[in-house]
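Student: The structure that follows is given in the form of structure tokens.
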Amino acid sequence: MFYIILILAITVIVYEVFPIYRAEKINSDMKLAVKAFEQHPNNVNLKILVVGDSTGVGTGSNDSKKSTAGRLASDLPNSDIQNISENGLKIEGLLKKINKIDAHYDLVLIQIGANDIVGLTPYAEIRKELMMVLDRSENIADNIIILTSGNVGSAPVFHWPLSLFYTYRTLKVRSIYIEEVGKYKNIKYVDLYKDKKDDIFLTDINKYYAIDKFHPSAEGYGIWYEQIRPSIDKVLK
């Protein structure tokens, strides 16, 4: 019986834990490959702040111009874009960042939440910190767009049953965001969640996921940007 339990334990470790361990090792290199994209043109007509976790940085894209901020800069060449995103950031850390800001922006784009989902931040804590982020954001920008991630449980780095658990947490956090953001007129939530059957990322994992099988690739960020851009166009009108 002891040997059977030992074999099962080793199997679980290899099946569930090793892909995550491998992803963490790959992430160390990926984080060095891309820096948060910024641009500061002379003839500025818009001031934009991008703040978030690794998805705000563009980790996995291998080219900061392919990140959300980079694509936004391409579409809005006369916009001044400041990007204070940081790998590994949670909502609590984001709140500390924006509390230090004394400038005012036409638009703040927030990408945050995946690390709270994976890192098991309690839901009550997520709600409390998100409320403070939203309140503070209203003081520094005319318009705010906020998003979390896609379906974290769909990321190939997570195997069943861990994938089911993270999909459950994604949905719980998503409902918190929708409820809290719905209380504000000038804050828009962009819903990136897709069920597995509808998720284009899963139609070609090697194309839309980075090599860690967790972050989006350049093409993956492109899919996200297509979903974000209509909200940007709407608020900037």
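The values are calculated or read from the model by the stated rules, or taken from the named source; none is laboratory data. Note that this is a predicted model, so its numbers are computed, not measured. Methodologically, a virtual Cβ is constructed for each residue, glycine included, from the backbone with ideal geometry; neighbour enumeration extends over all protein chains shown.
Student: Among the candidates Leu171, Leu164, single out the residue that is within 20 Å of Phe201 (Cβ to Cβ), among the aliphatic types (A, V, I, L, M), out of contact with any helix residue (DSSP H, G or I) (no Cβ under 8 Å at 6 or more places or on another chain) and free of Cβ contacts under 8 Å to residues at least 60 places away in the same chain.
Tutor: Leu171
Student: Any residue in the range 49-62 that's among the acidic types (Asp, Glu): show its pairings with residues that are not in a loop (DSSP other than H, G, I, E, B) at Cβ separation under 8 Å, as long as the two are six or more apart or on different chains.
Tutor: Matching pairs, first to second residue: Asp53/Leu94; Asp53/Gln111; Asp53/Ala114; Asp53/Asn115.
Student: Would you pick out the residues in the range 98-126 that are in contact with a strand residue (DSSP E or B) (Cβ under 6 Å, 6 or more places away or on another chain) and of a type in the set (D, E, K, R)?
Tutor: Asp106
Student: Since Asp212 meets every condition but one in (1) buried (at least 20 other Cβ atoms within 10 Å of the Cβ); (2) of a type in the set (Asp, Glu); (3) modelled with pLDDT of 95 or more, which condition does it not meet?
Tutor: It fails just one condition, (3).
Student: Something else about it: Determine, yes or no, whether Asp195 is crowded, with 21+ Cβ neighbours inside 10 Å, of a type in the set (Asp, Glu) and either farther than 15 Å from Thr68 by Cβ or touching a residue at least 60 places away in the same chain (Cβ under 8 Å) (or both).
Tutor: The answer is no for Asp195.
Student: Still on this structure, please answer the following. Just one of Ile211, Ile228 is among the aliphatic types (A, V, I, L, M) and in a helix (DSSP H, G or I); which is it?
Tutor: Within the list Ile211, Ile228, the selection yields Ile228.
Student: Still on this structure, I have one more. Residues being surrounded by 24 or more Cβ atoms within 10 Å (Cβ to Cβ) and either more than 16 Å from Gly88 (Cα to Cα) or out of contact with any strand residue (DSSP E or B) (no Cβ under 6 Å at 6 or more places or on another chain) (or both): count how many of those fall in the range 52-68.
Tutor: Counting residues in the range 52-68 that are surrounded by 24 or more Cβ atoms within 10 Å (Cβ to Cβ) and either more than 16 Å from Gly88 (Cα to Cα) or out of contact with any strand residue (DSSP E or B) (no Cβ under 6 Å at 6 or more places or on another chain) (or both) gives 8.
Student: Then there's this: When you scan the range 174-183, do you find a residue that is in contact with a Ser or Thr (Cβ under 9 Å, 6 or more places away or on another chain) and in a helix (DSSP H, G or I), even just one?
Tutor: Checked the range 174-183: at least one residue is in contact with a Ser or Thr (Cβ under 9 Å, 6 or more places away or on another chain) and in a helix (DSSP H, G or I).
Student: Would you be able to tell me the number of residues in the range 212-234 that are of a type in the set (D, E, K, R), farther than 20 Å from Ala155 by Cα and either free of Cβ contacts under 8 Å to residues at least 60 places away in the same chain or in contact with a helix residue (DSSP H, G or I) (Cβ under 7 Å, 6 or more places away or on another chain) (or both)?
Tutor: Going through the range 212-234 one residue at a time, the tally reaches 2.
Student: Here is a further query. Please tell me if Gly150 is part of a loop (DSSP other than H, G, I, E, B), among the small types (Gly, Ala, Ser) and either under 15 Å from the mean Cα position of the chain (by Cα) or surrounded by 14 or more Cβ atoms within 10 Å (Cβ to Cβ) (or both).
Tutor: yes
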